[in-house]
Amino acid sequence: MMYAILTILNDKKRYIAGMLAVTFSAVLIAMQVGLLMGLIGVVSVPIVHSKADIWISFPDTPACDLGRPMPNYWLDRLWSHPDIAAADEFVQGFRYWQTEKGKNELCVVLGVSLDDESLGPIARLTPEQRSRLTEPNAVILDAKDAGRLDATQIGVEGEITGQRVRVVGFTDQMRGITGPFIVTSIPTARRLLLMRDDQATFLLAKCKDPARIPAVVADLSSWDKWTVHSAKEFSSQSEWHWIGKTKAGIALGFAAVLGLAIGCSITSQTLYAAIGASIRELAVLRALGISRGRMVIFVLQQSMVVGIVGLLLAIPITYGLLTLVRSLGTQAVMPIWLITGTGSLTLAMAIIAGLFSLRSLKGVEPAELLR
Amino acid sequence: MSVILRGEHLVRGFGEGELRTLALRDVSIELEAGQVTVLMGPSGSGKSTLLAILAGLLRPDSGEVESMGQSIVGMNDAERENFRRKYCGFVFQGYNLFPALTAQQQVEIVLRWGEGASAKEATAKAIETLTVLGLGEKRHLRPWQLSGGEKQRVAVARALVKRPALLFADEPTAALDWEHGEQVVQLLKRGAADDKATVLIVSHDPRVTGLADRVLFLADGKISTDHHVVDGALEHREPAKEAVR
Ligand SMILES: Nc1ncnc2c1ncn2[C@@H]1O[C@H](COP(=O)(O)OP(=O)(O)OP(=O)(O)O)[C@@H](O)[C@H]1O
Ligand SMILES: [Mg+2]
């Protein structure tokens with residue numbers, strides 16, 4: 001490894017292109033995935049802001065914003081389940097909001113229980129807001145959606161399904177990708193969504209012992225046709241559904257592959273040229289009986305050093321971009337798996353680039369070079 | 001004296017069809033153990049080709065090479081590589097030193113990569129060899145900090161460090177002035193003598209011959225004359241008929 005490092009140190013200018021290519025690929029992949037996951041993360045906002053650890057839905061509901069009405073007669077059964085501490089219902093559906101200016105916006109109506117024991121997504125609501133929502137047709141919006149709905153002040157009205165609704169407060173971190181969230185009480189939501197009293201979109205449950213969640217999920221699943229998810233599963237299932245549905249995954253994969261391909265070709269060109277520059281020295285060593293395999297190791301060591309330095313450079317750049325993006329109000333996440341994943345992927349890319357550059361060793365023929 | 005390297009009826013051509021040139025046409029040669037043999041001849045006469053074949057770097061089209069009691073023509077690539085690693089040292093015309101490495105590292109790398117020697121062992125041997133060649137003080141310098149003669153001495157150290165039984169040098173003095181050229185050949189000769197190595201030097205530099213035990217002339221792909229060197233003067237070699245055949 002020492003000879004590889006010395007070689008790179010001695011000719012930094014030559015190797016810098018390869019290192020920057022690795023940096024480029026790493027930053028591209030990490031930021032893209034981070035931005036997409038941040039964006040897609042809002043899909044599971046209702047799950048995140050709810051205390052429920054079990055979600056029961058219409059069969060095969062792919063994501064938590066795509067629930068369909070199901071009967072709520074299970075609620076009593078849930079309450080009496082020995083492992084379940086509390087049960088609740090949650091009503092959700094799409095409706096157009098007609099603004100005061102006559103504009104129509106597709107929104108998500110969320111009907112939540114408003115008492116303290118509620119398992120609905122009420123974490124962002126103050127107790128005062130919850131009590132105001134008990135009034136019929138009172139709604140709360142995310143402040144960032146207010147402009148879009150022409151409802152920037154408390155008291156402004158809009159129309160949903162021909163019924164007037166009134167804004168009684170604003171909250172934050174309650175936005176989805178499909179449309180603005182309209183938070184309201186369960187009775188109001190049922191009216192707006194034309195849902196019967198014996199229906200809900202999701203049944204929610206909280207387990208007494210979190211360790212029992214998988215067992216309870218299995219038990220409830222056996223009761224009937226309704227799909228039972230743990231909150232955690234349902235949230236990642238919802239996110240992956242949207243990644244697939246929006247084809248964002250494909251776009252992302254494409255961009256990542258492109259980034260890797262560009263990074264790989266630049267890195268391998270760099271290494272190829274660098275090895276080419278030392279070809280006569282290597283040929284002397286070949287003459288002295290040193291195997292081609294040993295030279296392969298030398299090249300791969302160089303590609304690894306290039307990869308590692310490139311990755312180290314990528315860390316502050318990614319961090320800087322992340323800070324910038326967040327200061328601009330965009331969600332971006334950088335979980336550990338993304339950091340390690342990007343690291344391994346780009347390092348693998350650098351090594352593959354090294355493998356591609358091995359053809360430079362073909363020319364290491366003492367009898368040809370050293371006449 | 002015992003023959004340590006024998007080439008018989010060596011033929012080697014390059015190119016195809018009309019462009020084909022015969023670099024060697026039926027060359028036979030014997031190198032005696034511990035002797036310094038200089039191979040001379042005009043440019044393009046096939047000296048480098050012959051050296052490469054005798055050293056196991058190149059295969060002849062036909063003919064036999066017996067070196068250290070083994071036939072190296074029939075060996076596969078890995079076997080020849082092994083053979084060269086065990087027995088052969090090389091000095092070429094250019095210095096061919098890694099720009100990134102110090103003199104000492106250039107020499108160490110041969111042992112580290114070739115024999116998997118430990119860092120400690122390689123360092124000790126490299127310093128020893130460089131000191132013998134008068135480069136002990138300069139062992140931490142990189143090629144750009146060394147003069148041409150010093151660089152070629154590093155190249156000689158690289159060839160000698162594993163104490164090869166056979167030492168091949170292809171125009172080791174071409175880039176050097178008279179004084180340094182002679183010095184390098186002296187060192188080659190002395191280093192080889194210390195290890196009782198057999199040396200083949202290719203050169204069309206007549207100044208090198210004074211230092212040789214024996215001088216062969218190659219012209220047009222054939223060995224034309226064979227001389228012993230006595231007191232720096234060339235003397236026709238008696239058993240030439242046998243050796244040259
Ligand atoms: N790889 C090759 N391809 C084609 N022709 C070659 C090759 N190697 C050598 N030759 C030819 O073989 C002949 C002998 O070449 P060689 O290098 O052995 O000469 P030389 O005696 O070492 O010359 P010089 O003193 O100039 O180094 C030349 O005519 C050369 O053009
Ligand atoms: Mg030559």
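The values are calculated or read from the model by the stated rules, or taken from the named source; none is laboratory data. It should be emphasised that the depicted structure is a prediction, and the values quoted were computed from it without experimental measurement. Counting neighbours? That spans all protein chains shown, and the Cβs are built from the backbone with ideal geometry, glycine included. For accessibility, only protein heavy atoms count, side chains too; no ligands or nucleic acids. Shrake-Rupley method; radii C 1.70, N 1.55, O 1.52, S 1.80 Å.
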Whichever residue in the range B:176-205 is more than 14 Å from chain A (Cβ to nearest Cβ) and within 13 Å of ligand 1 (Cβ to nearest atom) and, among such residues, is modelled with the lowest pLDDT: B:ASP205
Grab the strands (runs of 3 or more DSSP E) fully contained in the range B:1-73, keeping just those with 2 or more residues being open to solvent by 40 Å² or more (accessible area, probe 1.4 Å). B:3-14, B:21-32, B:62-67
Just give me the residues in the range B:34-52 being of a type in the set (Val, Ile, Thr) and within 13 Å of ligand 2 (Cβ to nearest atom), in sequence order. B:THR49
Counted residues, the range B:84-94 - those being buried (at least 21 other Cβ atoms within 10 Å of the Cβ) and either within 7 Å of another protein chain (Cβ to nearest Cβ) or not in a helix (DSSP H, G or I) (or both): 6
So, of the residues in the range A:1-20 that are among the aliphatic types (A, V, I, L, M) and in contact (Cβ under 8 Å) with a residue 24 or more places away in the chain, which turns out to be farthest from the other protein chains (Cβ to nearest Cβ)? A:LEU20
Identify, from the list A:VAL228, A:VAL216, A:VAL299, the residue that is among the hydrophobic types (A, V, I, L, M, F, W, C), under 30 Å from B:ARG84 (Cβ atoms) and modelled with pLDDT of 90 or more. A:VAL299
Any residue at all in the range A:267-288 that's on the phi < 0 side of the Ramachandran plot, in a helix (DSSP H, G or I) and under 31 Å from the mean Cα position of the chain (by Cα)? yes
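Would you confirm whether or not the range A:116-128 contains a residue that is assigned by TED's automatic domain parsing to the domain that holds A:LEU194 and over 16 Å from A:SER50 (Cα atoms)? Can you show your working first?
If we filter the range A:116-128 for residues that are assigned by TED's automatic domain parsing to the domain that holds A:LEU194, which is where we start, we get A:116-128.
Now drop any that are not over 16 Å from A:SER50 (Cα atoms), which leaves A:128.
Scanning the range A:116-128, I find at least one residue that is assigned by TED's automatic domain parsing to the domain that holds A:LEU194 and over 16 Å from A:SER50 (Cα atoms), so the answer is yes.
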Return the residues of the range A:121-139 that are of a type in the set (Ser, Thr, Tyr) and outside any loop (DSSP other than H, G, I, E, B); say none if nothing qualifies. A:SER131
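Is it fair to say A:GLY289 is out of contact with any Pro (no Cβ under 8 Å at 6 or more places or on another chain), open to solvent by 30 Å² or more (accessible area, probe 1.4 Å), within 14 Å of another protein chain (Cβ to nearest Cβ) and free of Cβ contacts under 8 Å to residues at least 12 places away in the same chain?
no
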Criterion: over 30 Å from A:ALA205 (Cα atoms) and in a helix (DSSP H, G or I) - qualifying residue of A:THR323, A:THR330: A:THR323
For the range A:323-369, enumerate the residues that are within 16 Å of ligand 2 (Cβ to nearest atom) and touching a helix residue (DSSP H, G or I) at 6+ places or on another chain (Cβ under 6 Å). A:PRO366, A:ALA367, A:LEU369
All but one of (1) in a loop (DSSP other than H, G, I, E, B); (2) away from ligand 2 (no atom under 16 Å from the Cβ); (3) at pLDDT below 90; (4) surrounded by 16 or more Cβ atoms within 10 Å (Cβ to Cβ) hold for B:THR173; state the number of the condition that does not hold. (2)
One residue from B:LEU58, B:LEU111, B:LEU97, B:LEU31 being facing chain A (nearest Cβ under 9 Å), more than 16 Å from ligand 2 (Cβ to nearest atom), touching a Lys or Arg at 6+ places or on another chain (Cβ under 9 Å) and touching a residue at least 40 places away in the same chain (Cβ under 8 Å): B:LEU97
Exactly one condition in (1) under 24 Å from B:VAL91 (Cα atoms); (2) away from ligand 1 (no atom under 15 Å from the Cβ) is false for B:HIS9; which is it? (1)
Residue, nearest to B:GLY46 (Cα to Cα), within the range B:192-221, restricted to residues that are open to solvent by less than 10 Å² (accessible area, probe 1.4 Å) and more than 15 Å from ligand 2 (Cβ to nearest atom): B:VAL215
If a residue must be more than 12 Å from every other protein chain (Cβ to nearest Cβ) and closer than 13 Å to B:ILE201 by Cα, how many such residues does the range B:38-55 contain? 4
Just wondering, is there one or more residues in the range B:106-118 that are open to solvent by 20 Å² or more (accessible area, probe 1.4 Å) and closer than 28 Å to B:GLY181 by Cβ? no
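For the range A:350-371, what are the residues that are more than 25 Å from B:PHE92 (Cα to Cα) and either within 14 Å of chain B (Cβ to nearest Cβ) or open to solvent by less than 10 Å² (accessible area, probe 1.4 Å) (or both)?
Just the residues of the range A:350-371 that are more than 25 Å from B:PHE92 (Cα to Cα), to begin with: A:350-357.
Hits for the range A:350-371 are A:ALA350, A:ALA353, A:GLY354, A:SER357.
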Does B:ASN76 fit the bill of being open to solvent by 10 Å² or more (accessible area, probe 1.4 Å) and within 16 Å of ligand 2 (Cβ to nearest atom)? no
